[in-house]
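A.B. asks: Below is a structure I'd like to ask you about.
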Amino acid sequence: MITEDVEKYLTGIEKGSQIFLDYDGTLVPIIMDPELCFADNELREILKEIDRLYELYIISGRTLEDLKKFLNLNLNYIYLHGMFADLKGKTIEFVENSSKYFDTFRKLENEVRFPEGSGVRTYRKPYGFVIHLGLVPDSLKPEYIKQAEILGKEYGLEIYYGINLIELKVPGVNKGRAIRALRNDRKCLIAGDEATDEYGFVECPECLTIHIGNGKTAAILSVRNIDEFRKILKALIHRPDIS
Ligand SMILES: [Mg+2]
């Protein structure tokens, strides 16, 4: 709906403005195998150009290794949901004592056991612990959710309620907080497709916030899918007054 009149929305986004873009579901489609989300060549060329004209940040829940592998570009990366940033080689930590949390999650991995045959699967991420309930009968899920909440309290962690999963995570870490720490006072553009991106939208109501997909959002604009969003990305690099 908006793509015919993109320039109107881009008002205030100037040369050098900050652009914060989520990766999965925003720049590339979500596919069955999350290990194969490589950027296509057109996308890589667009991002290179955006990085040249503006101040580009890729902001994602993924690890830095994943993002660099998929994009293979020297960009600013905010990774692990806003826990760290790599600003073209310079590392920034948005949380104090991150190594303490690394140990916490290792401890959870070693100590937490659910009964054999319960269907509960657990995974450790570098800075998170996932309790997956996809194979658990519905009637038993509330009990395991309760157990996860008790663990969260015991270890001082925040709980993220996903679809069929609970993730114990570092408290206070989110994309909005990372964006706030890096923001200058100019109007910026923030785009993303899911719940974690809403933190950024809420944090910057005066900016151009774009939600990809259907559903409720705090963003100013919604586009239906990645293809529509890519038209906006192309418009960013083909503006009469910016070169
Ligand atoms: Mg996403």
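A.B. asks: Looking only at the range 199-225, count how many residues are open to solvent by 30 Å² or more (accessible area, probe 1.4 Å), farther than 12 Å from I179 by Cβ and of a type outside the set (S, T, Y).
C.D. replies: Of the residues in the range 199-225, the ones open to solvent by 30 Å² or more (accessible area, probe 1.4 Å) are 199, 202-203, 205-206, 214-218, 220, 222, 224-225.
Filter once more, so that each one left must be farther than 12 Å from I179 by Cβ: 205-206, 214-218, 220, 222, 224-225.
Cutting the leftovers down to of a type outside the set (S, T, Y) gives us 205-206, 214-216, 218, 220, 224-225.
Matching residues across the range 199-225 total 9.
A.B. asks: Of all residues in the range 174-194 being among the aliphatic types (A, V, I, L, M) and open to solvent by 10 Å² or more (accessible area, probe 1.4 Å), which is nearest to the ligand (Cβ to nearest atom)?
C.D. replies: So the residue we want is L182.
A.B. asks: Within the range 191-202, track down each residue that is under 11 Å from the mean Cα position of the chain (by Cα) and in contact (Cβ under 8 Å) with a residue 12 or more places away in the chain. Before the answer, list the steps.
C.D. replies: Going residue by residue through the range 191-202, those that are under 11 Å from the mean Cα position of the chain (by Cα) are 191-200.
Correct list: A191, G192, D193, E194, T196, D197, E198, Y199, G200.
A.B. asks: Mind listing whichever residues of the range 211-243 are within 12 Å of the ligand (Cβ to nearest atom) and either touching a Cys at 6+ places or on another chain (Cβ under 8 Å) or closer than 21 Å to S17 by Cα (or both)? Walk me through how you get there before you give the answer.
C.D. replies: First, pick out the residues of the range 211-243 that are within 12 Å of the ligand (Cβ to nearest atom): 211-213, 226, 229.
Matches in the range 211-243: H211, I212, F229.
A.B. asks: Can you name the residue in the range 94-108 that is open to solvent by less than 20 Å² (accessible area, probe 1.4 Å) and of a type in the set (A, V, I, L, M, F, W, C) and, of all such residues, is farthest from the chain's Cα centre (by Cα)?
C.D. replies: Filtering first and then ranking leaves L108.
A.B. asks: Still on this structure, please answer the following. Could you tell me whether any residue of the range 78-93 is open to solvent by less than 20 Å² (accessible area, probe 1.4 Å), touching a Phe, Trp or Tyr at 6+ places or on another chain (Cβ under 6 Å) and free of Cβ contacts under 8 Å to residues at least 24 places away in the same chain?
C.D. replies: There is at least one residue in the range 78-93 that is open to solvent by less than 20 Å² (accessible area, probe 1.4 Å), touching a Phe, Trp or Tyr at 6+ places or on another chain (Cβ under 6 Å) and free of Cβ contacts under 8 Å to residues at least 24 places away in the same chain.
A.B. asks: Mind telling me which of the residues L157, L168, L151, L135 ends up being open to solvent by 80 Å² or more (accessible area, probe 1.4 Å) and among the hydrophobic types (A, V, I, L, M, F, W, C)?
C.D. replies: Result: L135 is the single residue among L157, L168, L151, L135 that is open to solvent by 80 Å² or more (accessible area, probe 1.4 Å) and among the hydrophobic types (A, V, I, L, M, F, W, C).
A.B. asks: Where residues in the range 226-243 are modelled with pLDDT of 90 or more and among the acidic types (D, E), which of them is least open to solvent (accessible area, probe 1.4 Å)?
C.D. replies: E228
A.B. asks: Scan the range 7-45 for residues that are more than 16 Å from the ligand (Cβ to nearest atom), in contact with a helix residue (DSSP H, G or I) (Cβ under 7 Å, 6 or more places away or on another chain) and open to solvent by less than 10 Å² (accessible area, probe 1.4 Å) and report the count.
C.D. replies: 1
The values are calculated or read from the model by the stated rules, or taken from the named source; none is laboratory data. Everything numeric in this text was worked out from a predicted model, so none of it was measured. A quick note on method: Cβ atoms are made from the backbone with ideal geometry, for glycine too, and the neighbour counts reach across all protein chains shown. These accessible areas exclude ligands, DNA and RNA; they are computed on the full protein's heavy atoms, side chains included. Shrake-Rupley method; radii C 1.70, N 1.55, O 1.52, S 1.80 Å.
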